[in-house]
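The values are calculated or read from the model by the stated rules, or taken from the named source; none is laboratory data. Bear in mind the structure is a predicted one, so any value in this text is a computation, not a measurement. Backbone-built Cβ (ideal geometry, glycine too); neighbour counts: all protein chains shown.
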RNA sequence: GCGCGAUUAGCUCAGCGGUAGAGCACUACAUUGACAUUGUAGGGGUCACUGGUUCAAUCCCAGUAUCGCGCACCA
């Protein structure tokens, strides 16, 4: 016996554990008949291991689970590959914060190895949160295959690290990864480089300072004076040139002033020099297209080491960039900079520079402006362009195939308009900076050693000119190094590999760190007959997205040629939000195509962001974050999932409202009660029930409706129309099955006809089964629970029950017509009764205004009596005085309820109806009277209009008669 | 500056070249009959604006307005 209601809190846990332990989340075994199309796979967008489930995850994973459960039921071998992302910066930050709170030794006090151990420890404690939360949502991932982007050090079979190393080494050898000294975005808080994508721009209040740079050697020129309209009204003699900047402190590192080659104002100054105030350096005035005569004064200061555009200008002009700042964005103690600036922060230095210009009478103007400031997406601090040695991926080259794959449809975006976003970015892609100055991540598999061997032992530093060995392992490294150095010496070569921790940054190449390198490390030493070579590993780790980009194949065991790789690559679809198209989707495309020779997934379904009820992005600072776990506690996972699906219309954001979740929770209850009704009436699923064998119209009708619904829901899910699929299933379950079918069968259930009752019991159970199957991908828990309890003898779980496949031959058009007519008739009677305020308790016979009674009326008399509250059906030539009247399909009906009806109100109601119908007829007549319409509109449209015309005029006739009757 | 999207009922949103839809909210009625986490009925829309294409436009095209988003630039 079913309980009075469904208890999600109790059932969800029990059902999930039963599923997971029974192994149904694993892909079914391969069959000899399987083709590639019989396999279905999705890789989960790996949530940060530090994360906890937010609404974005809830939406993302609900949609994936719907696809996964749907395809599993359709008999495919389904793999939903789960796992988490090591999330370099985020995780290192979380652990460091925790260590700071605990007050023990901090990262900088520890060795790299100890810190890494500490993070692993943290992961063991807290890293499983998010995966537990995904289970609560009902995600049917194959947890036995769970992966971590940083690998599993305790499992020798885990290939995640090997995959990353192999990719790096091969790309290095192919020239697709290279080390370069370039300007990168530097995060002074985390003291690491970050990629372009990790930089956000924020609008803040700022200033433009217009600074005068005095011309050297007493040079002057005539500067045009303009009026408001830009007309030149005169000239003044200037011994200086004006530059404007929002970052005056960078002038300490200026290497020149640029003007446009066509700018007549400054034409005479090109080649001359200015004396850079404060530092008293002479720097040249150069001509460069970059200078825009329309902006500011037309002259622009050039600081190659701290501005991306200036860097290019400086390069063209052959200037040597001057690095001003250290890792934490404080001014370096350089000889060319006055001492009082040393060690000052950017902000302090700015104040000092402005004050100095002001004092020297060189501050022409201070302008208040909104300026766009680059900030780190994780740290929130101002990002400084810094000139450092970093590792880069040649994304431009990789992008070529990735663009083509989408162009020729190997990978399709859904909705399709995201292709444009992808294309725009891919076509303008910049080198991808992949090195991070962190400890938590995949360490760059490159070791440095001396390039040449001199006659004396040599100590660090000399790494800028060092030999790089990029190798899969230390064994391979030793071999490669031994070979290299043997060719340089007659001595016995001995290779020593050092791991560096605390001193990492000082040793390898980050010049932003300044010159204080530790010289205590040998590069090579002579010892008797031996040459001892010291090799040091690059301390940097790789951008997290570098390893996430391999996720579609690394999780399947690559570089081993595994069975899973064969079966499940490429993935069927990737489901993700648009905000990581660049971060992740683009990188997976590039790396997947390059290493697997095939796109990583066939479809990319891009879903919306989840916003709050007001359409605001959820954020902790706004305090409008809704925790999906709390919603699951309150309403159950099924309600949350159904809401997510129902709101996931393509191309829209999802505004979450608890009201809506409540509504879908009610839907679950409705379903539960329908099942209880079925149970009470002895409707038990019959294994051998044949829906085509039904003889009762109502059963034939529900079968026909089920056929249509199954077809719709199936098509909608295939097309990623989750909202439409949910809607179709919802309408069938509630609107068709509960509201009409269950009501219509009540007379049979309480009737005498045993055969009809037996058939109807089986049909009711069958239709409920179809509903449970259709709803299972959306509401897995309640449907599985009902599946088990409505037919206890069933041995298989719903989750692996075949998706319904009903043929059109099951559609019975006559039965459907009859029942649909009955539904219209009942609705019409209910409507007039309600409008005329007839109490439900008042009953009267239903009179059909015709010579003979429509046989359907007597056939469905029981239904009419019960649902339309009439008392028998009869034919009558005309409506008696004071009867309630209505028209269905051009036939008039009357219910004699004299005395209960306000005749004036009835007259008004009928007149209103007549007016409505008249208006329609008029519209149609206008169309039919239009020659152009008759000549050019398709025949189908014309005949449809004629049919409508006939129906309306029959209705009009009946209504007019009814009105006349009242008079 | 480039690009994308939106504008339909009070709210949140579907939809479609020919007949305007849902959920919620609202109003009235029903009071326990599977279900009050309910049932029945009802009111409510110049489909942002202006042109164009078409026999026919809420839908297609162009433009305008407003809102939102992404990218780039920013001396």
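As a summary of the residue check, residue A:933 satisfies the conditions (1) within 22 Å of residue A:850 (Cα to Cα); (2) near RNA strand B (Cβ under 9 Å from one of its atoms); (3) touching a helix residue (DSSP H, G or I) at 6+ places or on another chain (Cβ under 6 Å) except for the one numbered (1).
Checked against (1) surrounded by 22 or more Cβ atoms within 10 Å (Cβ to Cβ); (2) more than 16 Å from RNA strand B (Cβ to nearest atom); (3) under 22 Å from residue A:801 (Cβ atoms), residue A:700 passes all but a single condition, namely (3). Of all the criteria given as (1) assigned to a loop (DSSP other than H, G, I, E, B); (2) in contact with a strand residue (DSSP E or B) (Cβ under 9 Å, 6 or more places away or on another chain); (3) free of Cβ contacts under 8 Å to residues at least 60 places away in the same chain, the one not satisfied by residue A:334 is (2).
Of the residues A:577, A:608, A:586, only one is more than 23 Å from residue A:145 (Cα to Cα) and out of contact with any strand residue (DSSP E or B) (no Cβ under 9 Å at 6 or more places or on another chain); which? Steps first, answer last, please.
Numbers: A:577 fails: out of contact with any strand residue (DSSP E or B) (no Cβ under 9 Å at 6 or more places or on another chain); A:608 fails: out of contact with any strand residue (DSSP E or B) (no Cβ under 9 Å at 6 or more places or on another chain).
It is A:586.
Condition check: farther than 17 Å from residue A:775 by Cα, assigned to a loop (DSSP other than H, G, I, E, B) and out of contact with any helix residue (DSSP H, G or I) (no Cβ under 6 Å at 6 or more places or on another chain). Does residue A:688 satisfy that? Can you show your working first?
Working: farther than 17 Å from residue A:775 by Cα: yes; assigned to a loop (DSSP other than H, G, I, E, B): yes; out of contact with any helix residue (DSSP H, G or I) (no Cβ under 6 Å at 6 or more places or on another chain): yes.
Criteria met by residue A:688.
Looking at the structure I just gave you, is residue A:955 within 19 Å of residue A:825 (Cβ to Cβ), within 13 Å of RNA strand B (Cβ to nearest atom) and modelled with pLDDT of 90 or more?
On the way: within 19 Å of residue A:825 (Cβ to Cβ): yes; within 13 Å of RNA strand B (Cβ to nearest atom): yes; modelled with pLDDT of 90 or more: yes.
It is true that residue A:955 is within 19 Å of residue A:825 (Cβ to Cβ), within 13 Å of RNA strand B (Cβ to nearest atom) and modelled with pLDDT of 90 or more.
The residue of the stretch A:248-264 that is farthest from residue A:321 (Cα to Cα), among those that are within 12 Å of RNA strand B (Cβ to nearest atom) and out of contact with any helix residue (DSSP H, G or I) (no Cβ under 7 Å at 6 or more places or on another chain), is A:263.
Residue-level check: of (1) in a loop (DSSP other than H, G, I, E, B); (2) within 16 Å of RNA strand B (Cβ to nearest atom), residue A:830 misses just (1). Among the conditions (1) within 16 Å of RNA strand B (Cβ to nearest atom); (2) assigned to a helix (DSSP H, G or I); (3) within 18 Å of residue A:828 (Cβ to Cβ), residue A:885 misses just one, which is (2). When you check residue A:312 against the structure, is it surrounded by fewer than 20 Cβ atoms within 10 Å (Cβ to Cβ), within 14 Å of RNA strand B (Cβ to nearest atom) and more than 24 Å from residue A:224 (Cα to Cα), yes or no? Against the criterion (surrounded by fewer than 20 Cβ atoms within 10 Å (Cβ to Cβ), within 14 Å of RNA strand B (Cβ to nearest atom) and more than 24 Å from residue A:224 (Cα to Cα)), residue A:312 qualifies.
Among the listed residues A:674, A:733, A:763, identify the single one that is within 8 Å of RNA strand B (Cβ to nearest atom), farther than 18 Å from residue A:862 by Cα and crowded, with 20+ Cβ neighbours inside 10 Å.
Values: A:733 fails: within 8 Å of RNA strand B (Cβ to nearest atom); A:763 fails: within 8 Å of RNA strand B (Cβ to nearest atom).
Criteria check complete, one pass: A:674.
Residue check: residue A:278 meets all listed conditions (1) more than 40 Å from the chain's Cα centre (by Cα); (2) more than 8 Å from RNA strand B (Cβ to nearest atom); (3) at negative phi but one, namely (3). Looking only at residues of the stretch A:790-820 that are surrounded by fewer than 16 Cβ atoms within 10 Å (Cβ to Cβ) and in a helix (DSSP H, G or I), we find that the one that is nearest to RNA strand B (Cβ to nearest atom) is A:820. With respect to residue A:947, is the statement that it is more than 20 Å from residue A:838 (Cβ to Cβ) and either in a helix (DSSP H, G or I) or in contact with a helix residue (DSSP H, G or I) (Cβ under 8 Å, 6 or more places away or on another chain) (or both) true? Considered against the rule, which asks whether it is more than 20 Å from residue A:838 (Cβ to Cβ) and either in a helix (DSSP H, G or I) or in contact with a helix residue (DSSP H, G or I) (Cβ under 8 Å, 6 or more places away or on another chain) (or both), residue A:947 comes out as yes.
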